[in-house]
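The values are calculated or read from the model by the stated rules, or taken from the named source; none is laboratory data. Nothing here was measured: the structure is a model prediction, and the numbers come from that model. Don't worry about glycine lacking a Cβ; one is built from the backbone with ideal geometry, like all the others, and counts go over all protein chains shown. For the accessible areas, the whole protein counts, side chains as well, though only heavy atoms, and no ligand, DNA or RNA atoms are used. Shrake-Rupley method; radii C 1.70, N 1.55, O 1.52, S 1.80 Å.
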Number of protein chains: 4
Amino acid sequence: MNFISDNSVGVAPEIMSALMEANRGPSMPYGNDDWTRRVERKLADIFEREVRVFPVATGTAANALSIATLVPPYGSLYAHEEAHVMVDECGAPEFYSGAKLKPLPGAHGKLTPEVLDRALTRDTSGDVHQVIPTAISLTQATEAGTVYKPAELQAIAEVARRHKVRLHMDGARFANAMASLGVPARQATWEAGIDVLSLGATKGGCMAAEAVVFFDPALAESFGHRRMRGGHLVSKMRFVSVQLEAYLSDGLWLKLARHANAMAQRLAQGLAAALPRLPGAKLLHPVEANELFVQLPGGVITGLRQAGFQFDDWPAEEGQAVRLVTAFNTEAADVEQLLRTLGNLIGRAA
Amino acid sequence: MNFISDNSVGVAPEIMSALMEANRGPSMPYGNDDWTRRVERKLADIFEREVRVFPVATGTAANALSIATLVPPYGSLYAHEEAHVMVDECGAPEFYSGAKLKPLPGAHGKLTPEVLDRALTRDTSGDVHQVIPTAISLTQATEAGTVYKPAELQAIAEVARRHKVRLHMDGARFANAMASLGVPARQATWEAGIDVLSLGATKGGCMAAEAVVFFDPALAESFGHRRMRGGHLVSKMRFVSVQLEAYLSDGLWLKLARHANAMAQRLAQGLAAALPRLPGAKLLHPVEANELFVQLPGGVITGLRQAGFQFDDWPAEEGQAVRLVTAFNTEAADVEQLLRTLGNLIGRAA
Amino acid sequence: MNFISDNSVGVAPEIMSALMEANRGPSMPYGNDDWTRRVERKLADIFEREVRVFPVATGTAANALSIATLVPPYGSLYAHEEAHVMVDECGAPEFYSGAKLKPLPGAHGKLTPEVLDRALTRDTSGDVHQVIPTAISLTQATEAGTVYKPAELQAIAEVARRHKVRLHMDGARFANAMASLGVPARQATWEAGIDVLSLGATKGGCMAAEAVVFFDPALAESFGHRRMRGGHLVSKMRFVSVQLEAYLSDGLWLKLARHANAMAQRLAQGLAAALPRLPGAKLLHPVEANELFVQLPGGVITGLRQAGFQFDDWPAEEGQAVRLVTAFNTEAADVEQLLRTLGNLIGRAA
Amino acid sequence: MNFISDNSVGVAPEIMSALMEANRGPSMPYGNDDWTRRVERKLADIFEREVRVFPVATGTAANALSIATLVPPYGSLYAHEEAHVMVDECGAPEFYSGAKLKPLPGAHGKLTPEVLDRALTRDTSGDVHQVIPTAISLTQATEAGTVYKPAELQAIAEVARRHKVRLHMDGARFANAMASLGVPARQATWEAGIDVLSLGATKGGCMAAEAVVFFDPALAESFGHRRMRGGHLVSKMRFVSVQLEAYLSDGLWLKLARHANAMAQRLAQGLAAALPRLPGAKLLHPVEANELFVQLPGGVITGLRQAGFQFDDWPAEEGQAVRLVTAFNTEAADVEQLLRTLGNLIGRAA
């Protein structure tokens, strides 16, 4: 019963079938194929505007390459201090861009306009001793399992515009965010000021596929060369693109994300009911996508593991905490069993 | 009828099946899975010694990351002036290592001990104004479709040892080379002085899978972090590793390569018989793997294309040339038809 | 009356004379000269052990190159959040090393063992997703004009040793620190665990000269090539080295620093007497070297400027603040006049 | 009797005096001083147009930083295979720009329009696998002691324009070239298509001073930040700028260069008369600036050294060769003595 991560699960059957289908006859390599072209058109439909799209195989590649197109070596990028680009990519954004990443605090994984405005004002010196503030990266859904509302994005974009910096969105769990928001994709992206989006699909049910989506084609100019130079131009590209095509077709991406989110909500409800009985136990963040962060007594954590549940420990301000992640294929029965087991453990602990 | 490249073809059915099979249940991400462990063991068997193995999704990543572990930013790497690392990776080896790549000439895509010795002697100054010669990269099979014999590798390794530089092998078509040589893998790798091998599998029949093989584990120390920092640690790694596992099992890699090589040999024989009738037409290099480089009159090239054959133009010293690449699934009928069509075109031209 | 910075003043006469003297006849370029050799010997005497010494022309070069020898591209360096390496070198340490710089807080410009231990414990994951903690940079004297005592350095070194990280010291104002401490140089450097020191001389009275001092010669191995690659190997090196030689001879470096420190102390005493009369005015940090940070009402700041005093504004938590820097040639009369003027302004303000 | 290099000599007395003079009172650091402003105006006068000027302390910094403003990481720079940027800067241009340097051959240290056109045509693929040809660097005077004529520069610029690449000039010995050409500076720079010039002054008689001169201010936009990030913003900048000011005032730069050139011409004449008597001895290149490359029998080389002459060995196609460099302060007596000694050695050898 796996709640470790949405990348410890396999591939959605629809996507696996599409992969099989794509294995017919030859096709031009390096993205000069019909699948890749169709993905770009499909994303233009989804975002209701022209876009430039580049498929890659990993989320870190998508982020690092996007950031490198936005920020020069003597520039800086702001991100939440717990963002993946900040702490979980072994410095990939810095490697690709040369830029300085500046960590900012924020409750529940979110940056606020106020925090950004203060930092940008402080750091805009016009002096060559300081790197030039150039872009902000927002994670959607956030590292804390929360989701920026369109109005929140717009408020941040307003600060960005005022300080003349660009906006990147790390959408490793973009589908979960969109399923949660229930608004047209444009409202939570380019209409809200996002310049470039790393649209994740691997965690959503693909094998290894992410799409970098440029809402301003002018920004994409160097991307092709940068991707090749980074070793991220997959030669048999159709097999990456077909994953994206299947994922984005007929609303599959949202359907899969809705399931994962629903499982997370069921867990959240169960926990909300159960945790108050347990001193020191609580949900650390609102549950708005497919991740839950739960502070629990060590004994309860051990008990859950002994009962066969898998999940990661998570750093917490005080006490111990765990992260539970639901996925496109998380089974309702597993969720119920986890809640039942937790209920028993709490009963025993109380 | 596709002779463009071995990456314009699809995936071998055995590998596709293994991919399907691997899509069962969860597994730990980032290479902490059984498939990845089995690949390392399988390569230890094939090379008859302990090895450290890192799967990645592209050949450029395999090369650039390998080279970065061998060469410091103030060092240099020697390679053939037409090597993929030199002219077809948009500077990826330089990006990853910071090192300077020094091009060297050589007939039929091969470096010789003499050329290397001369360059290394010239460039070993001990002066901080010059980068430090640190490694050599050999392509096996070469960019010209030729293959280094073990004795040739050993002679180069002897020069490398004398000058205290390391040996990297770009084995994007390693299987074709090994099928051509018919010797145990160790004889053409570590026994012949190779330190690190980029073992290609994508061109051989996989979807997107290459293995970096370290024969000296001490050299591999920083590889894990470098791979992550480059965005090349695939999260659902089992789907890369299972390709390698299937490819390397039961001699599939050699079987597929033997077929591609045999198709190339059939083409070579047909061409050897036909070309002498056509002034200015000739094979530019010995055919030892699965690539043929053919100088042809422009009219004949056009005629072949009009007849439905696909292939790339290739730069030639004089006149015009094309490259024909055979693959694991090239059909004998296509080869025969190409030779027949060529015969007709020559008949008409003569 | 200049209190802007110790780099807005000129060159000490003893050093200017030495420069003239060195301009006789030819000498080998690139540091193969007697002046450079003598500097190394002189520093061996001062530190009472063998050292490897590399002269460069700027403090940023000294820091960035030192850090690059200590930290690999996938490593991290900890420094105070207001350290020069962190905020005033436009990302030079990152450029030269590739490493990630991690800012840490600390009162009065100082890092503490506790803050470091917490950060190192948090960041030592052994996981390739995270950069490897590799070194700490301490500024001596600090950006806040305070000085680490040997015992403070030892306590930090103990944390560093436990976490297997190296210690770099940014000694742009090393002479001011040593003049303040009054202990043998070894006690505040290698005996206290420092591995590499950027020994500043420009701010102390030279024209453009800094010495990178390696206490462990093994760490210096790549420095020569890195310096050249960074464009920091001055061809007529004798003219950099002779500055260092003169500066370090006959205790000149300490004599000049003692004067600057004494002027700062006189200012500090005067301010300590005057400021209590002025609400909201105060010294922000203890005055232990040659910099003072003073919170003052805006009107008083304006008044000082109108009276002809030059100094920089400085960011403060609340209200307004300025930085006053004394130098090797600050005149006592200027200090007295500043205090008198301030007294008058306070009288008027009160 | 030193013929090793123009950086093994000292500093011209006029420049030393100016340095002394500049050491009066405080001045704003980091180039916000009058000396730096005057240098920019002086160069505007010399080049008869607006220019943007950045002083740095080394020629490698000037070259590497200039190139980094012209060439993106996925671009390439062409230079002569023996150019300083190619073989004597330990990869600094690559380090600063990330770009690939492509070596091209050419007689007597010069690139020709034909060689450049062929390379640019070959390398302009529009394919992301190849780096984008972006700039050419010409060395003036060349590494072989020859000088590009304005018409030669224009012909190269015409090729550059056609292929849309920029032109950088490494003018480490720009004064020697201009003294040799005897034309207005504009004719051999921006009028002939040069975009950026590294104007060397150290070899010409300064202590450590070079000026990066942008003829198109738009290209200079990122230079300030790049210079700081490279650690090349000298804090007490007036002492670099005053060297340039003195060097460029009253035609001193040309006067000093004319002397060096005249000494080289005297040597060249003497050698032209003497060498024909000695089998295998010859001048390897035309003598057009202040460097001579002489093929000589080993015994004669040894003899010259035993007689007290200092110079470097130089690589030669066949036999042995040496380089003789004259400087602003080379004494005519030394030149005569060298010729006399050579005459005696030839007499004995014959």
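Which residue, A:Tyr247, A:Tyr78, A:Tyr30, has the most motion in a Gaussian network model of chain A that connects Cα atoms within less than 10 Å?
Per the Cα network of chain A with a 10 Å cutoff, A:Tyr30 tops the list.
Beta carbons within 10 angstrom, averaged per residue: use that to sort the peptides A:134-143, C:314-323, highest first.
Working: A:134-143: 26.4, C:314-323: 14.5.
The packing order, highest mean first, is A:134-143, C:314-323.
Counting only DSSP beta bridges with both residues in chain C, tell me the antiparallel percent, nearest 5.
Values: 21 of 41 bridges.
About 50 percent, rounded to the nearest 5.
Find, among the residues of chain D, the one whose Cβ sits nearest the axis of the rotation taking D to B; state the distance in whole Å.
Taking Cβ atoms only, the nearest residue and its distance are D:Glu94, 3.
Quick one: check the C-alpha center-to-center distance for region A:297-320 versus region A:92-116, whole angstrom.
Region A:297-320 and region A:92-116 have Cα centres separated by 29 Å.
Carbon and sulfur: what percent of chain D's accessible surface (1.4 Å probe)? Could the numbers behind the result be given before it?
Values: 6080 of 12070 Å².
Taking all protein chains in place, chain D shows 50 percent carbon and sulfur surface.
Connecting C-alpha atoms closer than 10 Å in a GNM of chain D, tell me which of D:Gly91, D:Gly193, D:Gly298 has the biggest fluctuation.
Taking springs between Cα atoms under 10 Å, the residue moving most is D:Gly298.
Compute, for the protein assembly as shown, the length of the dipole vector about the Cα centre, with Cβ point charges of +1 (Lys, Arg) and -1 (Asp, Glu) only. Units Debye, rounded to 20. The partial results should precede the final answer.
On the way: 136 positive and 152 negative charges, 1 e Å.
It comes to approximately 0 debye.
Considering only DSSP beta bridges with both partners in region B:135-275, what is the antiparallel share in %, to the nearest 5? Please report the intermediate quantities before stating the final value.
Numbers: 5 of 14 bridges.
If I count the DSSP bridges inside region B:135-275, around 35 percent turn out antiparallel.
Leaving out ligands and nucleic acids, and using a 1.4 Å probe, what accessible area per residue does the protein assembly as shown come to in Å²? Don't jump to the answer; show the numbers that get you there.
Values: 48300 Å² over 1400 residues.
That works out to 35 Å² per residue.
Summing both sides, how much accessible area is buried between D and C? Use a 1.4 Å probe and give Å² to the nearest 100.
3800
If you take every DSSP beta bridge whose two residues both sit in the protein assembly as shown, what share of them, in percent to the nearest 5, is antiparallel? Let's see the in-between values first.
On the way: 82 of 162 bridges.
Taking every DSSP beta bridge with both residues in the protein assembly as shown, the antiparallel ones total about 50 percent.
Report the residue, chosen from C:Leu70, C:Leu275, C:Leu199, that carries the largest GNM mean-square fluctuation when chain C is represented by alpha-carbon nodes joined by springs under 10 Å.
C:Leu275
Taking only the C-alpha atoms, wrap a convex hull around region B:1-62 and report its volume per residue in Å³ as a whole number. Before the final figure, lay out the partial values.
Numbers: hull volume 8.4 nm³, N = 62.
About 135 Å³ per residue, rounded to a whole number.
What's the average, rounded to a whole number, of partner chain beta-carbon atoms within 10 Å of each residue's beta-carbon in C:25-32?
Values: counts 5, 12, 6, 6, 8, 6, 1, 1.
Mean inter-chain Cβ contacts per residue within 10 Å come to 6.
Could you put D:Lys282, C:Lys110, A:Lys42 in order of accessible surface area, largest first, with the 1.4 Å probe and the full protein assembly present? Mind dumping the intermediate values first?
Values: D:Lys282 90, C:Lys110 30, A:Lys42 55 Å².
Result, largest first: D:Lys282, A:Lys42, C:Lys110.
Using unit Cβ charges (K, R positive; D, E negative) and no other charged atoms, how large, in debye to the nearest 20, is the dipole of region A:149-301 about its Cα centre? Kindly include the intermediate steps, with their values, before the conclusion.
Numbers: 18 positive and 12 negative charges, 48 e Å.
Computed about the Cα centre, the dipole is about 240 debye.
With contacts defined as alpha carbon pairs under 8 Å and 6 or more residues apart, what's the relative contact order of chain D in percent? Mind showing how you got there, number by number?
Details: 698 pairs, mean separation 80.0, N = 350.
Reported relative contact order: 23 percent.
What distance in nm separates the two pseudo spin-label positions at B:Glu221 and A:Thr124, each 7 Å out from Cα along the beta-carbon direction?
4.6
Through the Karplus equation 6.51 cos²θ - 1.76 cosθ + 1.60, θ set to phi - 60°, convert the phi angles of region D:76-84 into ³J(HN,Hα) values in whole Hz; use x for Gly and Pro.
9, 10, 9, 8, 4, 4, 10, 5, 4
What distance in nm separates the simple spin-label points at A:Ala262 and C:Ala273, each placed 7 Å from Cα in the Cβ direction?
For the pair A:Ala262/C:Ala273, the computed spacing is 8.1 nm.
Where Lys and Arg each count +1 and Asp and Glu each count -1, what net charge lies around C:Phe214 among other residues with Cβ under 14 Å from its Cβ? Could the numbers behind the result be given before it?
Values: positive: C:Arg49, C:Arg52, C:Arg166, C:Arg226, C:Arg227; negative: C:Glu40, C:Glu50, C:Asp195, C:Glu210, C:Asp216, C:Glu221.
Spelling it out: positives minus negatives among the neighbours equals -1.
What gaps in nm, shortest first, separate C:Gly308 from its twins in the other copies when you place the label 7 Å past Cα toward the beta carbon?
The projected label point of C:Gly308 is separated from its counterparts by 5.7, 8.8, 9.6 nm.
Spelling out what I want: for every residue of region D:188-204, take phi, set θ = phi - 60°, compute 6.51 cos²θ - 1.76 cosθ + 1.60 (Karplus), and round to whole Hz; glycine and proline get x.
9, 9, 5, 5, 9, x, 6, 8, 9, 10, 8, 8, x, 10, 4, 5, x
What shape does chain A have by the C-alpha gyration tensor, where a ≥ b ≥ c are the square roots of the eigenvalues, rounded means a/c under 1.5, and otherwise prolate means a/b greater than b/c and oblate the rest? It would help to have the intermediate numbers written out before the result.
Details: a/c = 2.04, a/b = 1.25, b/c = 1.63.
Oblate, since a/c reaches 1.5 and b/c is not below a/b.
Determine the shape class of region C:192-236: with a ≥ b ≥ c the square roots of the Cα gyration tensor eigenvalues, call it rounded for a/c under 1.5, and otherwise prolate if a/b is greater than b/c, oblate otherwise. It would help to have the intermediate numbers written out before the result.
Details: a/c = 3.20, a/b = 1.10, b/c = 2.90.
Cα axes put region C:192-236 in the oblate bin.
Would you tell me the mean number of C-beta atoms belonging to other protein chains that fall within 10 Å of each C-beta in D:127-134, as a whole number? Don't skip to the end; give the middle numbers.
Working: counts 6, 11, 12, 7, 8, 3, 0, 0.
Mean partner shielding for this stretch: 6.
Starting from the Cα gyration tensor of the protein assembly as shown, take the square roots of the eigenvalues, sort them a ≥ b ≥ c, and report rounded, prolate or oblate (rounded when a/c is under 1.5, otherwise prolate if a/b is larger than b/c, else oblate).
Values: a/c = 1.97, a/b = 1.11, b/c = 1.77.
Verdict is oblate for the protein assembly as shown.
For C:Gly126, go 7 angstrom from Cα along the Cα-to-Cβ vector, then report the distances to that same point in the other copies in nm, smallest first.
For C:Gly126, the inter-copy label distances come out at 4.4, 5.2, 5.4 nm.
Assuming R0 = 56 Å, can you tell me the calculated FRET efficiency for the pair B:Ala316 and C:Ala44, based on Cβ-Cβ distance, to the nearest 0.05? Intermediate results must be reported in sequence, preceding the final value.
Working: r = 63 Å, r/R0 = 1.12.
Approximately 0.35, to the nearest 0.05.
Sorted from shortest, what are the nm distances separating the label point of B:Pro184 from equivalent points in the other copies, each placed 7 Å from Cα along Cα to C-beta?
The answer, with the shortest distance listed first, is 6.1, 6.8, 7.8 nm.
With r defined as the distance between the Cβ atoms of B:Glu14 and C:Arg37 and R0 fixed at 60 Å, what FRET efficiency is calculated, to the nearest 0.05?
Working: r = 68 Å, r/R0 = 1.13.
With a Förster radius of 60 Å, E is 0.35.
With axes computed from alpha carbons, what is the tilt in degrees of helix B:113-123 against the longest principal axis of chain B, rounded to the nearest 10 within 0 to 90?
Approximately 50 degrees, to the nearest 10.
Would you please give the residues with an amide H less than 5 Å from that of C:Lys102, counting only those at least 5 places away or on a separate chain, with H modeled from the backbone geometry?
Residues meeting the amide H criterion: C:Leu77, C:Tyr78, C:Ala79.
List, in order, the whole-Hz ³J(HN,Hα) value for each residue of region A:214-226 obtained from phi through the Karplus relation with A = 6.51, B = -1.76, C = 1.60 and θ = phi - 60°; use x for Gly and Pro.
9, 7, 10, x, 4, 5, 7, 3, 8, 4, x, 5, 5
If one takes the longest principal axis of the Cα atoms in chain D, at what angle in degrees, from 0 to 90 and to the nearest 10, does the Cα axis of helix D:34-47 lie?
Taking Cα atoms only, the helix is inclined about 70 degrees.
Calculate how steeply helix D:150-162 sits against the longest principal axis of the alpha-carbon atoms of chain D, using the helix alpha-carbon long axis, and give the answer as 0 to 90 degrees to the nearest 10.
40
To the nearest 10 Å², what's A:Met1's accessible area with a 1.4 Å probe?
Approximately 60 Å² for this residue.
Considering only C-alpha atoms, what is the centroid distance from region D:268-289 to region C:49-73, in Å?
Taking the Cα centre of region C:49-73 as reference, the centre of region D:268-289 is 45 Å away.
Taking amide H positions as placed 1.01 Å from N in the peptide plane, with prolines and chain starts having none, which residues 5 or more places from A:Ala307, or on another chain, fall under 5 Å of its amide H?
Placed amide hydrogens put nothing under 5 Å from A:Ala307.
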